[in-house]
1. How far is helix B:114-125 tilted off the main Cα axis of chain B, in degrees rounded to 10, range 0 to 90?
2. For all pairs of alpha-carbon atoms in the stretch A:788-892, what percent lies in each bin of width 5 Å, listed from the first bin to the last filled one?
3. Using alpha carbons only, how many degrees (0 to 90, rounded to 10) separate the axis of helix B:48-59 from the longest principal axis of chain B?
4. So which trypsin sites (Lys or Arg not before Pro) in the stretch A:797-868 end up in coil per DSSP with only 13 or fewer other C-beta atoms within 10 Å?
5. Can you give the FRET efficiency to the nearest 0.05 for A:Q178 and A:C103, using r as the Cβ-Cβ distance and R₀ = 25 Å?
6. Among DSSP beta bridges whose residues both lie in chain B, state the antiparallel percentage, nearest 5.
7. Over the stretch A:382-545, consider all pairs of different Cα atoms and compute the Kirkwood hydrodynamic radius from their mean reciprocal separation; express it in Å, one decimal.
8. Would you please give the FRET efficiency between B:E37 and B:Q94, computed as 1/(1 + (r/R0)^6) with r the Cβ-Cβ distance and R0 = 30 Å, to the nearest 0.05?
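Here, each number is a calculation from the coordinates, and none is a lab measurement. Everything numeric in this text was worked out from a predicted model, so none of it was measured. As a convention, Cβ positions derive from the backbone with ideal geometry for all residues, glycine included, and neighbour counts pool all protein chains shown.
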Amino acid sequence: MPTITIDGDDYEVEEGQNLLSTCLSLGIDLPYFCWHPAMGSVGACRQCAVIEYKDAEDHRGRLVMSCMTPIKDGGLYSVTAEQAREFRGSIIEDLMTNHPHDCPVCEEGGECHLQDMTEMTGHTNRRYRGTKRTHRNQYLGPFINHEMNRCIACYRCTRFYRDYAGGTDLQALGRNNQVYFGRQQEGVLENGFSGNLVEVCPTGVFTDKTFSKHYVRKWDLQTAPSICEHCAVGCNTAPGAREGWDGKDQMLRRVINLYHREINGYFLCDRGRFGYDYVNCDARLKAVLAARTDTLIESTAARGERIHGEIPPREAVERLAQTLAQAQKGQRRLIGIGSPRASLENNFALRQLVGPDNFYAGLAERDLHLLHLVDAIQRDPRIHSPTTPEIESADAILILGEDISNTAPRVGLAVRQAARNRQRRQARELKIPQWQDASVRQLDGDPSPIAVAGFEDSGLDDIASSRFHGTPEEIAAFGHALAQLIAGKQPAEVSPEYLEMAQQISETLSASERPLVISGCGCRSGEILQAAAQLATALADRNSNPCALYLTCLEVNSLGLAQLCTDGKKALDHLPGALRTEGEAKNPSSVIVLENELCRRVDTATADEIFSLADELIVLDLLHNLTTRRADLVFPAAATVESQGTVINSNGLAQCFYAVYEGPGFIQESWRWLADAAAFCPESNALISTIADWKHCHDLNQAIAEAFPELEVVAELGPDEDFRIDGLEVARQSHRYSGRTAIYADKSVAEHKPVKDPDAPLVFSMEGIQDPDKSPLQANIWSPGWNSNQALHKFLQGIGGKRRCGNGGRKIQRASRSLPDWKPAVQPAGEAEGFLLLPIYRMFGSGELSAMAPAIASVIAQPFVLINRHDAKRLDIDAGDPLEITVGGDRCQLIAEISDSIPFGSLGVPYGFPQVEPLGTEAPARGQLHLLQLETGGDQ
Amino acid sequence: MSSVFEPEVVEVMDFSKADRSTETQLSAEEKREIDAEFSHYEDKASVGLEALRIVQKHRGWISDQSLQAVSDYLDIPSAQLEGVATFFQLIFRQPVGKEVILFCKSASCWIMGCARLQARIEQKLQIAPGQTSGDGIFTLLETPCLGDCDKAPVMMVGEEMHRNLTEQSIDEIIDNKKRRHADESTD
């Protein structure tokens, strides 16, 4: 390791780094703007100047930009030398000449890197008295505010947006003092990672528009570590909450990134960042509702929708307790329906309450089967589930059938970085350090090979070296052919036109050192998953080394639910049958639905059957939906940010999220409602009293670990509620959290005791551990002098390393089991009727909860149907024509969109979009297409 | 008077055609010239600047529509092309007069009294830098250096270089231009 001297002190440092990142990792404060740990150096801002000395005799030295200076063994540097400090002072003074000094009205204020650096440099006296250049700001959509006057032209925004995330519509415009970062015309930023501009911009040019609507300063936010609930990647987040304007209840104000090296690193997707607002939306359940006996008229009555009225929670709990008692006496059958978007704890509690035989996964059989396939594949010792840094370092990638840009966006961003690996290798050969961003990007090394096979164009097409569009059968056949080619066999079932492409891809994958295969449940095809597994195992056999295979699940706890529900027959499709046989026994049935909208899981006919066969429908959920409207009793359940729990991501990593604030109204965790009912149950037995005894999240974690040895790590994820550091809990509020004595002063001047968190050693107050180095539970990343999120480097093991006190999260220990040798399924030769409907995912619209966040709802496309250009021509359909699709018993109206990539004879239908949910539950399936006649007005 | 540039680099704006500045399609001629230029470059993004110059030669300036037309033709993002267009001073994103005056403000010209001469132009044409005269003939732009310091003060009008300027020569140049444009419009 090289040794360098900075201001007379010797340090042993990591080789190959630049001086700036070295200084920062040593804890030396050195101001900078354009450098970013994930994006390297460009030397644009000149803020990080230091003095470099030739040798010990050299007392004068020369100014160098530390971010552009490779450290060398024996190097002599000074950060504090007068000339260096003076230079840095003049740079910031220059940058500030055009800055409006509008900190009091700027939303960056209090977490502004520019403020921090100005303070650090010591520029406290403004000498410039001239006019400042002013810009017109642009409308950039519902997520991002634009205030260009604050810009210091560090170019970080375009370097992230364009270079890192592949966006094309944000550019540096103009020049000199007039440089402007914006779009060619006003409009919504198109890239799905635009929200990161809020954190990447060192000042207040790009700020969070959703946060603006209920803004408070960073120091006034209450924070705890959380897990993003909008997909199964498991990104770590730091949501912030504060009392609302009107009531005194806490409300969620925003979500920002919480660094986790293995998953999200520094960046989140826009669904994760802006989807949080569903917890504040009008459809939120905050009280217990019971159906009234009044009958409804007309159409709503036909679907059995009920009118609900609020009832006191105690009454509701007693009603549920009565149901439990009857079940215990054998007079009633209890059925539980779990959910992939509810935590392990909630699912487990319901499973225990109703018994494993009566616990249904809350998924269609097809989806449950896919999850079990993913689980089985990941158990094979030849398969390795890669972390984000491993995905980024892959040198050849095949994406089989999964649209990861929309189903697992953060993984898509990692794949985008992997596209540059050949360029990086070329830089290594030329001895250009990897952090020399502009130099490395200028190399014309070919993009690394990335092959994409999917139903339609993907968001990664611009970096794809080969593309294959086909139906699920064709993609699976393509995958199997690749597997056979890699294993050195002759492929049987690939058409000659694709044989060449298959040969080329298989050669590239075989020759690569770190191949990666990506697939997932989004394609809703078991054959594709099997083909991906065959391919990965063939590569593993060939290299005698486990092969990286990333399989995306669709929801935050999909894989966790699959662990609790291993019986493939416990799917919703089989529930009506089970309920009917129950009817013969004359015992009434109660169905308890846990945080699940059944109309998104199965076709309308099956959902209606479940609703009408259940004698009592009890629903615990976050939002009003079609299921709660049919319920007899509705309990308000806590959202991720209001509760503690464990979820298992697509990689089998169990992670814990913590309550950021107490849910308003009567909201509490679903398992607490069940435990309350057990406590009130007049029939007592071992099961009921065990459930009634669950008081803390940790009690459930222990119970899960005991019941499921493979999930033992769940009990070891975090400290229990009694854990203390130096006798203290971890503080959710910062030292500067304001208004504590004033907030309730209109009712009482006495200071309220903070609510006790029964689940975690975290306190809803500012008294406690503030240091993020002392506990991973501290999500407020702050260090003296570093108020912005750039403080993060103070808490990492080196720049871009792991968090020093460790990130939460442990891999579940699944017993390994080798996969069978799957043969490609023989396709039925029968004459197919109608069109093949294929599920199409969108970052905005396909997520159930995020679609209820107002900002996201405003950009969801109207329900579309992708139709092949030739099919459209044949049927005389133009873009924008209204069409109707019938599949099973469902019919949905959509707008035609012409596609060049969707396979001939197929239609792409939106998965999970509001109003057309049944389509997603059935695709891939055969459906009929009808042209709708436009109303011609009332003139005939 | 002589051009400081190679003849093929700066070509005379062609005003004989009707105003096509807001047309959304490139003409066959424009496409042909862009294609010819493209043969010298590795990729389409690199030819963006030349394509803008070609279109500006035909249309006088680059309107939003022209920018979009070039962006569509070369298949490069319009934002990227806008970055190029707004970086280079000689790509005009606003309508300009038939004669663009590039008035040199470098140190040599400053020593030789260009401030007085600039005031003369401004007073004569009743415009400030960046503006176009009421008759639509002249646009006055300041420029840092035209590279002819030994003959300061200097300015360019269109592609013509004028050296050793005096108030008298400025009057002559402007009057001549005015007369020529008046003749053309009465033809």
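1. In chain B, helix B:114-125 runs at an angle near 80 degrees to the longest axis.
2. Over the stretch A:788-892, the share of Cα pairs per 5 Å bin runs 2, 7, 9, 9, 9, 10, 13, 11, 9, 7, 8, 4, 1 percent.
3. Once rounded, the angle reads 70 degrees.
4. Values: sites: A:K802, A:R803, A:R804, A:R810, A:K811, A:R814, A:R817, A:R842; in loops: A:K802, A:R804, A:R814, A:R817, A:R842.
Of the trypsin sites (Lys or Arg not before Pro), the ones in loops of the stretch A:797-868 whose Cβ has at most 13 other Cβ atoms within 10 Å are A:R817.
5. Values: r = 23 Å, r/R0 = 0.93.
Plugging the Cβ-Cβ distance into 1/(1 + (r/R0)^6) gives 0.60.
6. On the way: 7 of 13 bridges.
Restricted to chain B, the bridges split so that about 55 percent are antiparallel.
7. Working: mean 1/r = 0.0624 Å⁻¹.
Over the stretch A:382-545, the inverse of the mean reciprocal pair distance is 16.0 Å.
8. Details: r = 24 Å, r/R0 = 0.81.
About 0.80, to the nearest 0.05.
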